[in-house]
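Input: a single structure, listed below in structure tokens.
The values are calculated or read from the model by the stated rules, or taken from the named source; none is laboratory data. Small disclaimer: the values here were computed from a predicted structure and weren't measured. So basically every Cβ, Gly included, is an ideal-geometry build from the backbone, and we count neighbours across all protein chains shown. Quick note on the areas: whole protein, heavy atoms, side chains included, nothing else; ligands and nucleic acids left out. Shrake-Rupley method; radii C 1.70, N 1.55, O 1.52, S 1.80 Å.
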Amino acid sequence: MRMRSLAVDTLIATALTGVALLLGQEAARQGQNPLDATAFVLVVLVHLPLVYRARAPVLTWCLVHTVWLVYIALGYWPVVCSFGPLLAIYTVASLRPVPISVPCAALMGGAWIYAGAVNHTDSWPSVLGQAVVYPAVLWRFGVVA
């Protein structure tokens, strides 16, 4: 079962990386910085820890969010790397107790708000709504799972 889980998580991490890289090609058309070599490496590094999400969900969450915050701080389009953090919060909520998973969800919401601030968004209601709804919904799905 453990090897099967690792294989599945590897496939998931690979798929999310591929989707993120494809979405990254859209960045310039959205008025965002295009993916360069640094962004490409960071996209891979955001999603790579997901391979171990079942074995070490909180550590995976920490690694994914740390690299995502670096990616955001460097001015890249946050949406490109949002899949990894979303899956990481779901995983923590599904495998760890509420006192651990709730702060992780709240911190993800904070990262979402930071992304809006760094990107100088004009759509604060949207950013704030996403910062609350996405972590809350994925946390709830994880708890129910």
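Annotations for the structure displayed:
- Estimated D of the chain in µm² per second, where Rh is the Kirkwood radius over Cα pairs and Stokes-Einstein applies at 4 °C, 1.567 mPa s: 85
- Between the Cα long axis of helix 2-24 and the first principal axis of the chain there is an angle of about 10°, rounded to the nearest 10.
- Cα-centre dipole for the chain with unit charges at Cβ (Lys and Arg positive, Asp and Glu negative), debye to 20: 540
- The stretch between R4 and V118, if pulled fully straight at 0.36 nm per residue, gains 37.1 nm over its current Cα-Cα span.
- Whole-Å semi-axes of the stretch 1-82's equivalent ellipsoid (Cα gyration tensor): 25, 14, 8
- For the chain, accessible area per residue (1.4 Å probe, heavy atoms of protein chains only), Å²: 53
- Close amide H pairs (under 5 Å, H built 1.01 Å from N) link N33 with W77, residues at least 5 positions away or on another chain.
- Shape descriptor for the stretch 1-44: Rg over Rh equals 1.17 (Cα atoms; Rh from the Kirkwood inverse mean 1/r).
- Angle of helix 83-95 to the longest C-alpha principal axis of the chain, folded into 0 to 90 degrees and rounded to 10: 20°.
- Largest GNM mean-square fluctuation across I100, I113, I72, computed for the chain with C-alpha springs under 10 Å, falls on I100.
- With DNA, RNA and ligands ignored, accessible area of W61 (1.4 Å probe; Å², nearest 10): 20
- When the Gaussian network model of the chain links Cα atoms closer than 10 Å, the mean-square fluctuations of V98, V67, V51 top out at V98.
- Helices in the chain, meaning DSSP H runs of at least 4 residues, each add -39500 (n - 2.57). Divided by all residues, the mean residue ellipticity at 222 nm is -24500 deg cm²/dmol.
- Based on Cα contacts under 8 Å between residues 6+ apart, the stretch 1-89 shows a relative contact order of 34 percent.
- Simple spin-label estimate for V133 and E26 in nanometres, 7 Å along Cα-Cβ: 1.7
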